[in-house]
């Protein structure tokens, strides 16, 4: 496999860096990559390629150490040879910055063994180590260029970022309480803190999901051939589940690590210290797995859910990391009696002025794409749906975002396949861990319809539906596709409850996961009864919201329909439709806040209204939230 560079050395001077094991490894990686590229040149370029290959084979670390320590060369020929070597190493420097993948690792068992360190102090130390290494690399480059007279003119240091892709604080995997049959996994160190390079776009072999991640009838994990040296492991807190993600270190797989770190929060170290067993393990890029191993398996004897994505190019896409991890969370939630929701969820802080008029003072994302509701009985013996999210980041499709929104993402994002056209994605942080786990009951639950056109002046939200009528929309799960799945752009498709991963019914109504579907249906029945009580008390609004996001491309809408609903052309629907919904949603939130405050004896100055918008990809969840933020302008950027 193509190598990545892991740095465990502690160097403080250019001389130490050039003598380090990490530098020797990187020189080998760069030479092999360069020679492989030259060998693939056309026949016409072979004379030049063979000459360059012979030169590359002769490059040694000791020659570069000699240059760094030599102030005056014996003669002009020796100086010219040194200059050629430094030019070669400058190419290696830019390869390191762009095409290479580097992990800086700091072992921090003190977090567990003595309590002298915490995840926060580890994070500070890995950040410091990454920055010191980046500065040292730049210093070493400048020294080599200066020694051979190539450091003339303007210096461009501040435009050159030499930070590693990921700097990780690790502890021994043996601290984790894996089942005895999976004890080998404890030999892979656990990443508990990290600092990573953002503003990076990775190109992956695939750019969309084409194969489903479904239940398997066999355990896909082959521990007999499991090479512990080839894996990175990250314990994740996905909702209330503890899932350990294993990423293969081969190129095409390891690039998923930064996205994973930007999307999910770390598991709590206290859980690891106190011996909590993982609820699930997930493997991305297993070279021993076959295509029919794609999916998840419940090892009932060990009470462990196992997810697997084989090392196959068409599966090397970040969607095969995010969706399988969420699938494991959702399967665990369903069997725990909870209801996973494929949704965007936001908590709105609504204040009241001196005249008791409501205003939205803040909006806080609880889920960008997935969460779950747990039925919890309060002190008043009323059972309410408590919402918790799963991700602190968003896997955002850039197709539907404005230039302003894309600008706001810069500097925090990890991107994938920016230059491939449609379905370019970025993972950006959107919330914090504390917001995910606040005990907020749902106040508004809406299904996102992205294809129905709404005439000007008519409401885009139906929020006073009977629960049985509303559930027809949730169960049917209709949306118009954007073309990132197998359904072509502009065509309508259906997925039961907007596909709460894994898909429980196919488009023809066939039940795909009978046991899981049966349990989900039982959970839904219990939820229906409690929702009816809350609706009768005006505590909960349930219905349908029309974003109109894909109404312009929907093949069922005519040009006459577009004109009748107030749009100058089809392209304008995508931008203007979510604005209409955002404006109506603001009104509904304020109305619900007034009603909620009336029920409170102390009449607080501020109440929270939690809104979940259920829908699959490109139904308008994120786009509506963006438009709503733009209308309220609660931040100055």
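Bear in mind that the values in this text are calculations on the coordinates, not laboratory data. Bear in mind the structure is a predicted one, so any value in this text is a computation, not a measurement. In this analysis, Cβ positions are derived from the backbone assuming ideal geometry, glycine residues included, and neighbour counts consider all displayed protein chains.
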Prolate/oblate/rounded call for segment 381-540, Cα gyration tensor, a/c under 1.5 rounded:
prolate
For segment 172-336, what proportion of DSSP beta bridges, expressed in % and rounded to the nearest 5, is antiparallel?
50 percent
Which angle between 0 and 90 degrees, to the nearest 10, do you get for helix 119-147 versus the longest principal axis of the chain when only C-alpha atoms count?
40 degrees
Report the gain in length on full extension from residue 510 to residue 227: 0.36 nm times residue separation, minus Cα-Cα distance, nm rounded to one decimal.
97.9 nm
For segment 192-311 the mean separation of alpha carbon contacts under 8 Å (6+ apart) over residue count, i.e. relative contact order in percent, is 30 percent
Taking the number of other C-beta atoms within 10 Å as the exposure measure, put 347, 224 in order starting with the fewest.
224, 347
In µm²/s, what is D for segment 90-214 at 25 °C and 0.890 mPa s, where D = kT/(6 pi eta Rh) by Stokes-Einstein and Rh is the Kirkwood radius from Cα pairs?
139 µm²/s
Three-way shape call for segment 268-424 based on the alpha-carbon gyration tensor, with the a/c threshold at 1.5:
oblate
Per-residue [θ]222 nm for the chain (sum of -39500 (n - 2.57) over DSSP H runs n ≥ 4, rounded to 500):
-11000 deg cm²/dmol
Treat the count of other C-beta atoms within 10 Å as a stand-in for reagent exposure and order 201, 530 from fewest to most.
201, 530
Heads up, segment 1-144 by the C-alpha gyration tensor (a ≥ b ≥ c square roots of eigenvalues; a/c under 1.5 rounded, else a/b over b/c prolate, else oblate) looks oblate
Whole Å is fine, so just give me how far the alpha carbon centre of segment 4-53 lies from that of segment 283-316.
33 Å
Here the Cα Rg-to-2.2 N^0.38 Å ratio for segment 445-603 is 1.18
Using only Cα atoms, find the angle between the long axis of helix 621-632 and the longest principal axis of the chain, and express it within 0 to 90 degrees, rounded to the nearest 10.
80 degrees
What does the extension gain come out to for residue 36 and residue 151, with contour length at 0.36 nm per residue minus their alpha carbon separation?
38.4 nm
Over all viewing directions the Cα convex hull of the chain casts an average projected area in nm² of 34.5 nm²
Cα-Cα pairs in segment 172-336 separated by more than 30 Å, as a whole percent of all pairs, come to 8 percent
Could you give the length gained on full extension between residue 172 and residue 605, defined as 0.36 nm per residue of separation minus the Cα-Cα distance, in nm?
151.0 nm
Angle in degrees between helix 467-476 and the longest Cα principal axis of the chain, rounded to the nearest 10:
40 degrees
